[in-house]
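Taken together, the values in this text are just the output of simple stated rules run on the coordinates, not laboratory data. Every value quoted in this text rests on a predicted model; they were computed, and no experiment measured them. Here Cβ is always computed from backbone atoms with ideal geometry, including for glycine, and neighbour counts include all displayed protein chains.
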Amino acid sequence: MSKSNPRIMVLIPAFNEAEGLADLVARARKSLPDTRVVVISDGSTDDTARVARSAGAVVLDLPCNLGVGGAVQAGFQYAIAEGFDLVVRMDGDGQHPPEEAPKLLEGWRATRADLVIGARFHDGSPFQGTPVRQAGIRALAVFLSVVCRTRISDPTSGFWLVSRPLLDCFAREYPVEYPEPEAIALLRRQGFTLAEVPVQFHPRRHGRSSINGWRAIYYGLKVGLALFIERLRPVDHRLSKTALLMKMAHSGNTTTGADAS
Amino acid sequence: MTPAGWRVFAAAVGAAALGWGLFGKWRAARTSRWAVGIIAGTLVALAAHPGWADRLATLPHMIRIRLIMGIVSVLVMVVNVEAIRRSRLRERYALLWIGTSLFILAGALFTGWLDRLSAALGMQYVSIIVAVIFVFLLLVAFQFSVEISRLNEDRARLARRLALLETKWEMQKVGPSTEQTPADASAPTDSRVQPPS
């Protein structure tokens, strides 16, 4: 990645987000010119794919619902196959404003971190919702900060910039449901670095958080169990930062993006 | 074989398992090696001092059942954690198992609430036969869980590959930045799989 101008791709996973997606794609193309906007329609049953295509995005229309993690992973594999250097990932529901994406890019230029997280900066606190939910997210943040030895204030944000050797790692291994906290622990284990940039989130435009009620309990149990077991896993040396960097140096850009396992 | 012969046999098996657990490279799986080490240690201890088995036989019936249930539930938990660690089982399916084993463990540790429940329902405490059948059912159902995880992974892999190929094909036909593609008309909502839960 010695090029001065990295090739950037905007990745938007969307499940039944036809409403508002055209606007989002247009804004993404305006605020990040010379990028390719890729929408992953995660088995949507509405017009998501058609709307995104006519707004000028490249669409991966998945034939069945894989969950956010599976959809995002498809996007990562596409980015590698098409030779992109950076991926900016934002939600399809409009809570990650594309106008803030250049801040992620600035953060990457300043730190050269493998992952730049856009941390929500709302009234000085990323924690919103019920007290239980706030406590849960706070506990996640503390746990991941200790594990990564870096301050992580918003572990559930999906407003990310992912750069190249990490992209190869995520293309092969990425959690399926509620992937963000686990992915952070995974990248730490494989020797990658991360940085946080404060950004302004929009309040959700339509729909509510999908994580409420019983889902919230499931979220807590699932992510807690996954993070506990993550601590028992050894480093996968084939997917470590040094191994992937060496592979890139040897083979130029011939990674296929296919599942290698 | 004589009792002494069994003791020598158990000691040999135990020592071999212990060596494997401690020094063997069993896919570098740390928790499996611990489990093997604990089993091996138990075998060696039993071989060295068979009086343990006799003492176990003199324990009250209830205590023995509780011991067995406790050991089973801990084993279920260890197997689940190990399966997730090796990416053979998704957390989604493991949660039910771990919940069940916690339930059994609670029954083994604290009998008060179980007594009250059995009195309320008018049933006897689970017999050892039921427990054995239960263990087998656990094993079978566990295998199903692993299979479901594997099938899900295959399905996801296929879907990703298909979407990548479809996009490539369309771009070769009409170029990357056109507004409409012919495939749109033929891709309405047909037999889409609904999202889980």
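Data table
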{"read-out": "Around B:Asn80: net Lys/Arg minus Asp/Glu count, Cβ-Cβ under 14 Å", "value": "+4"}
{"read-out": "Total formal charge among the other residues, if their Cβ is under 12 angstrom from that of A:Val146, Lys/Arg +1 and Asp/Glu -1", "value": "+4"}
{"read-out": "Segment B:96-118 versus segment A:5-34: alpha-carbon centroid distance in Å", "value": "51 Å"}
{"read-out": "MRE, 222 nm, helices only [DSSP H, n ≥ 4, -39500 (n - 2.57), over chain A, to nearest 500]", "value": "-13500 deg cm²/dmol"}
{"read-out": "Cα-based Kirkwood hydrodynamic radius, chain A, one decimal, Å", "value": "18.6 Å"}
{"read-out": "Nearby aspartates and glutamates by direct alpha-carbon distance to B:Lys173 (threshold 15 angstrom, same-chain neighbours under 8 apart not counted)", "value": "B:Asp184"}
{"read-out": "Projected label distance in nm at B:Arg88 and A:Asp34, using a 7 Å step from Cα toward the beta-carbon", "value": "5.1 nm"}
{"read-out": "Percent of alpha-carbon pairs separated by more than 22 Å within segment B:60-173", "value": "50 percent"}
{"read-out": "Percent antiparallel among DSSP beta bridges (both partners in chain A, rounded to 5)", "value": "25 percent"}
{"read-out": "In nm, spacing of pseudo-spin labels at B:Gln172 and B:Ala106 (7 Å Cα→C-beta vector)", "value": "5.8 nm"}
{"read-out": "Between segment A:128-173 and segment A:58-114, the alpha-carbon center distance in angstrom", "value": "16 Å"}
{"read-out": "Sum of side-chain charges, A:Asp42 neighbourhood, beta-carbon under 10 Å (Lys, Arg +1; Asp, Glu -1)", "value": "-2"}
